[in-house]
Amino acid sequence: MKLSKLHIILLTAALIVVAVILAVISFYNSFVMLDQNVAGKWSEVENQYQRQADLIPNLVSVVSSSVSVETKFVKDVIAARTSWQGAGTNLDKDKAGVEMTNGITAFVNAVAESYPVLQANRQYVALTDELAGTQNRITVARGRYIDAIKDYNTAVKMFPGVLFAGMFGFTGKDYYQADLKELKAPQLGNGTLPS
């Protein structure tokens, strides 16, 4: 059976339409997958902050049962934890998480310097090791989150993805920006706990 020119044109047009539809579906699914990857990576950052927040009551309990610690300092660490738990946006959660991390670091350093007897307390040592590991996991999770945003933004901004991204409402995402004021190392004064 010989195809007429009209049949060839219609068949070619149908193949082009199918190819375009498949490309659009492929791009849409790709954007969804990358977007979900970014959300999942952020979730891991929050998971590590939650892990850190969950360790605070244990740390405060162990320290308070071993030595007499000024309540204002303990309240500051608990307040940082509460602030993190109440934060709404990712940016607010991360900012509060950094404050929580800095508060814990200052607390642990001040307590260890002022009360060397705690270094012999197995629970205290285990908790501080766990907190240090958690802080490292936060850093790793942030790195993975940044990589996921990079992959997403690349797909959304490169040709031909840029043609389809806007059509489906996918726009570039902001990269994680560390607040350098919040990340400075806590300074210990004369070896006493802050009052």
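Quick note: the coordinates plus some simple rules give every number you see, no bench work behind them. Here the structure is a predicted model, which is why all the values come from computation and not from measurement. Positions of Cβ are backbone-derived with ideal geometry, glycine not excepted, and every protein chain shown enters the neighbour counts.
State which entries of Lys93/Lys173; Lys95/Lys157; Lys93/Lys157; Lys95/Lys150 exceed 19 angstrom in Cα-Cα distance in the structure shown. Could you put the intermediate results ahead of the total?
Details: Lys93/Lys173 17 Å; Lys95/Lys157 28 Å; Lys93/Lys157 27 Å; Lys95/Lys150 21 Å.
In this structure, Lys95/Lys157; Lys93/Lys157; Lys95/Lys150 lie more than 19 Å apart at Cα.
Using alpha carbons only, how many degrees (0 to 90, rounded to 10) separate the axis of helix 122-157 from the longest principal axis of the chain?
Approximately 20 degrees, to the nearest 10.
Do the sum for the chain: with -39,500 (n - 2.57) for every DSSP H run of n ≥ 4, divided by all residues, what is the mean residue ellipticity at 222 nm, to the nearest 500 deg cm²/dmol?
-27000 deg cm²/dmol
According to a simple spin-label model (label point 7 Å from Cα along Cα-to-Cβ), what is the distance in nm between Asn136 and Ile25?
Each label point is offset 7 Å from its Cα along the Cβ direction, giving 4.6 nm.
Could you pull the Rg and Dmax for the chain, using just the Cα atoms, both in Å?
Values for the chain (Cα only, Rg and Dmax): 26.2, 96 Å.
Helix 71-86 sits at what angle to the longest principal axis of the chain, using alpha carbons and giving 0 to 90 degrees rounded to 10?
The angle comes out at about 10 degrees.
Which whole-number percent gives the relative contact order of the chain, counting Cα pairs below 8 Å spaced six or more residues apart?
Once divided by the residue count of the chain, the mean separation gives 32 percent.
As an exercise, use a Förster radius of 22 Å and the Cβ-Cβ distance of Ala39 and Thr105 to find the FRET efficiency, rounded to the nearest 0.05.
Between Ala39 and Thr105 the formula returns 0.15.
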